[in-house]
Every structure is written in structure tokens, then in C-alpha cells.
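Enquirer: One structure follows; several queries about it will come next.
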Amino acid sequence: MNIKSASLAMPINRRRLLAAGAGGIALATMGPIRSFGAGETVRFGIFGNAEKLAIRGRAVARYAELNPQVKVVYEGVPSDSWPDKIAAMVAGGNAPDVITMGYDDFGQYAKRGAIEPLQGYAPHLLRTNLFDEPVLQLGHRDGKLFGIPIAVSIQALCYNKTALERLKMGSLPEKFTFAEYAKFCAEINKADKKIYGSHDMASRIEDFQMYLVAQGRQIYNGEQLAVKADDVAAWLEIWDQMRKTGAAVPADLQAQFSGTEWPNAPLVRGTAVFARITSQDLAGGFQALTKDELNLMTPVCPSKDTGPGYYPRPSSSLTINARSQNKEAAAKLIDWFVTDPESAKILGLVSGPPASRPALETVLKLQNLSSADQKVLQYSQEALPKANKEPQTHRAQRAMTDLMRRINESVGFGSSSVKDAAQEFITQANSILKRA
């Protein structure tokens, strides 16, 4: 993949947006006071941490200024609250016109008919011709376009450079095999018993997926699992052994971090040196929460004969509520948000390298990128051209993610053996896929 080349009640401001991002749903309002008809409101729903919500809110505010005939309502929700919040809103029939979809939820909402197929809005309202085709394919499910990617991310191994220097761990290789990684991370714990080498990545279905992709395999085969209990056991065993040697954090530390509440991450708390993250989350989350310098490198490889199994992902995708009464207005807002250079200047790399060509070209010319942003951009430019094709996903991806976390915790807390946990994963996963 190549990444080269409205009247509302009160004005919006940064303080209001930051407060909204830290609490519940934000109904941020913009523009001068005017009277509008019932069909002229566009609600824009998105998730993120406080900083991301503030930046994205400024972009939406600018759109409202440029289009005073449209009433725009910005609804920003903290990332960890969004899945339950949007599920309840969709079920209750009061979801926003524009719904931001995370990677794990996208297929499920498309299958249920909760989000609108977008082919009919392209290219006259949604300028899909401004995206490279492999990037646009990230917004497809079952052959139909349902989402417009905001930005393109890719998996990375993040490490605390300051901690490694403090512990005198020496230079890092270009990439680790799992055997090398386990050994190096155990040495970190030997150097300082208060610090563990790595996050426990066994609990994340995406990491298991990368492990398989690197070996030319998949988790799913259509509506069925493409893995056996032995495959799952091999994956769980790697991390069980790493926990036992101090190479990975104990189960109680990892359980405090489900993946979105970054202040609880062992990497941020200083109890782990390595963590597998998505590229944009360095600048958009982790680095801002620690004074130590964090860097990115290639994720861990199963062996010397394989790559890391990484693949491109949309950082998130903008979709249209299938029950919206303002679909064309929603499409116009989506198009401006992801393609217009003025939007790109505001958003920068808050979500990673922009998905559309005009937005990316704008960001590449910015002179005020932070050090973290520059690292994300450099890493992405190096990794994306070498990435694997996005693997098959399933509409039950979120349920599968939750299952993998529970199964791994059962091993980590000693309530199940690796063998029994692996078989339980297969049994429960098959049940989940049948019900989905």
C-alpha cells in the first residue's frame, strides 16, 4: 500500500470540547444563532480521547462556519464508552447521521443494515476518486462500500527508549522473533524486578491474527474458524511462558488495560517497556502520557523466515446512519472532513496518515509536526508499502476480541491450563460465529 502521494445555541471553543472529551457524550454547538427547518440538522458522532475530540471538533466547527446553511451538531464520546453508547443509540433509533465506526464494529453494523451503502453517493458527493483503491477497499464489506476511512494505520511495536537506556539494555535489532523477544524482555525484568518486558499481547485477537497472517494463515474461513485448538494453544503458551519469566506483565496488571484507556497501560505506567500499538496511537495517545521517549519499530515475527504479519487498517471509518433523514448533507460533511486540505491542516496526524490523497499531500507539507507525529509518519511510510493484505474479518470481531481476552486471563490467573483454555476458545468461538 502506498501512502505517498447551522445555528447552534452556543459557540464552540477548545475548553468546551476538552471537557466534553473527558466526560459523557458531547453535544458541541457551533455558529451564529439562526432558525432552521427540521430536516437541516446533521449530527456528527465520533470517539477519541480528549485531545482527539478537541481537534476533530475544530475541524467540524470550521465546516459549520463555511456552510452556515447547515446546522451541525458535534457529538464526541470517549473511546471506551463509544461501543456501548452507539449500540444503544442505534437500537433506540436516535443515532447520529454520521457514525464513526471502529475496526471491530464495522462489519457487524453493515451486516445488520444499520449503516448506509455509500456507492450511490459517489463520486458526486463522496469523492471516492481521491482515494487509492487499496485504501478505499478498507471501507468495504461483502463487496459494498459502507465506510470512508479517515486515516490509514498499521501495527507497530512501541518501546520506551528512555527506560532501555536507563537499564543499559543495549541496541535493539531491526526486528525480533518471538524467541528473541521473550529472551530480551526477560532480561529487562532481571535488570529491574519492578519492570516487565512487555504488555501481554495474547489477550488481543488482532495480535493472534498477525501471528497467523505472518505464516500465511487466517483466523476465519468464511463463517467458520480456520484454526484448531493446537493453534490457539501455541499462541497462549508463548505468553504464558513470558509471564512466568517476567518477560510479560502479570495478569493483574494487564487486566487493568483493555486497550483503549491509555493511562492504565503498563507502558504508560512504567511497568512495561514494550507494547504493540497501532501507529497513530503514539502521537494521539501514549507519548502525551509519559515524559519518557517512546519510539516505534517492526512488530515481533513468528520466526526469522516470516515477516511481522502486519496489515493496513482504517484508524476508523465514517459511515452514514441508514435511518438518517439527512443522508446527502451527511455525505457532504464526510467528504469535506476526509478530503479537504483545510480539514487536513486542522486534523494533522491525529488519526494517522490521512486516507485521501489531497489530505495526505497537505499533511506531508506541514512544518509544525511534533516529534511523535514525525515518527508516526516515517514509520507508516516505511511499513505500509511492505504490509500484507488486510485479512478476512468477521462481523463478530468485537465478540471474538472479548473472548480472547477472557480466555487469556483464565490462563494468566491460573484458573485454566493452556490446553483447556485453547479448547474453550474454539468451543465458544464456534458458538459466537453461529449466532452472529
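The values are calculated or read from the model by the stated rules, or taken from the named source; none is laboratory data. Fair warning: this is a prediction, and the values are worked out from it, not measured in the lab. Cβ sites come from the backbone with ideal geometry, for glycine too, and all protein chains shown count toward neighbours.
Enquirer: Test Ala344 against the stated conditions and say whether it is under 17 Å from Val70 (Cα atoms) and hydrophobic (A, V, I, L, M, F, W, C).
Expert: So Ala344 does not fit the description; no.
Enquirer: Also: Hey, among the residues in segment 131-140 that are over 21 Å from Tyr109 (Cα atoms) and surrounded by fewer than 19 Cβ atoms within 10 Å (Cβ to Cβ), which one's modelled with the lowest pLDDT?
Expert: Pro134
Enquirer: While we're here: Exactly one of (1) under 18 Å from the mean Cα position of the chain (by Cα); (2) buried (at least 22 other Cβ atoms within 10 Å of the Cβ) is unmet by Gly102. Its number?
Expert: Unmet condition: (2).
Enquirer: Then there's this: So in segment 53-83, with the set limited to residues that are assigned to a helix (DSSP H, G or I) and of a type in the set (Lys, Arg), which one is farthest from Ser317 (Cα to Cα)?
Expert: Restricting to residues being assigned to a helix (DSSP H, G or I) and of a type in the set (Lys, Arg), the top hit is Arg62.
Enquirer: Being under 30 Å from Pro78 (Cβ atoms), of a type in the set (Asp, Glu) and in the same structural domain as Pro173 (by TED's automatic domain parsing) narrows it down to one residue among Asp281, Asp231; which is it? Before the answer, list the steps.
Expert: Working: Asp231 fails: under 30 Å from Pro78 (Cβ atoms).
On inspection, the qualifying residue turns out to be Asp281.
Enquirer: Looking at segment 84-97, can you tell me whether even one residue there is assigned by TED's automatic domain parsing to the domain that holds Val338, among the small types (Gly, Ala, Ser) and closer than 13 Å to Thr319 by Cα?
Expert: Yes, that holds for at least one residue.
Enquirer: Another one. Of the residues Phe146, Phe178, only one is touching a strand residue (DSSP E or B) at 6+ places or on another chain (Cβ under 8 Å) and crowded, with 22+ Cβ neighbours inside 10 Å; which? Steps first, answer last, please.
Expert: Working: Phe178 fails: crowded, with 22+ Cβ neighbours inside 10 Å.
Result of the check over Phe146, Phe178: Phe146.
Enquirer: Additional query: When residues of segment 25-66 are filtered for being under 17 Å from Asn94 (Cα atoms) and at pLDDT below 50, how many remain?
Expert: Within segment 25-66, residues that are under 17 Å from Asn94 (Cα atoms) and at pLDDT below 50 number 6.
Enquirer: May I pose another question? Select from segment 193-205 the residues that are surrounded by 24 or more Cβ atoms within 10 Å (Cβ to Cβ) and not hydrophobic (A, V, I, L, M, F, W, C) and list them in ascending order.
Expert: Listed by number, the residues that qualify are Tyr196, Gly197, Ser198, His199, Asp200, Ser203.
Enquirer: Something else: Sort out which residues of segment 417-429 are out of contact with any strand residue (DSSP E or B) (no Cβ under 6 Å at 6 or more places or on another chain), farther than 12 Å from Glu237 by Cα and not acidic (Asp, Glu), and write them in order of number.
Expert: Passing the criteria: Gln423, Phe425, Ile426, Thr427, Gln428.
Enquirer: So, in segment 408-436, how many residues would count as being within 28 Å of the chain's Cα centre (by Cα) and under 16 Å from Gln254 (Cα atoms)?
Expert: The number of residues fulfilling the criteria is 6.
Enquirer: Take the residues in segment 186-219 that are among the aromatic types (Phe, Trp, Tyr) and part of a helix (DSSP H, G or I); name whichever of them is nearest to Pro299 (Cα to Cα).
Expert: If we take residues in segment 186-219 being among the aromatic types (Phe, Trp, Tyr) and part of a helix (DSSP H, G or I), then Tyr211 is nearest to Pro299 (Cα to Cα).
Enquirer: Further, regarding this structure: Consider segment 211-270. How many of its residues are among the charged types (D, E, K, R) and closer than 24 Å to Glu180 by Cα?
Expert: Residues in segment 211-270 being among the charged types (D, E, K, R) and closer than 24 Å to Glu180 by Cα: 7 in total.
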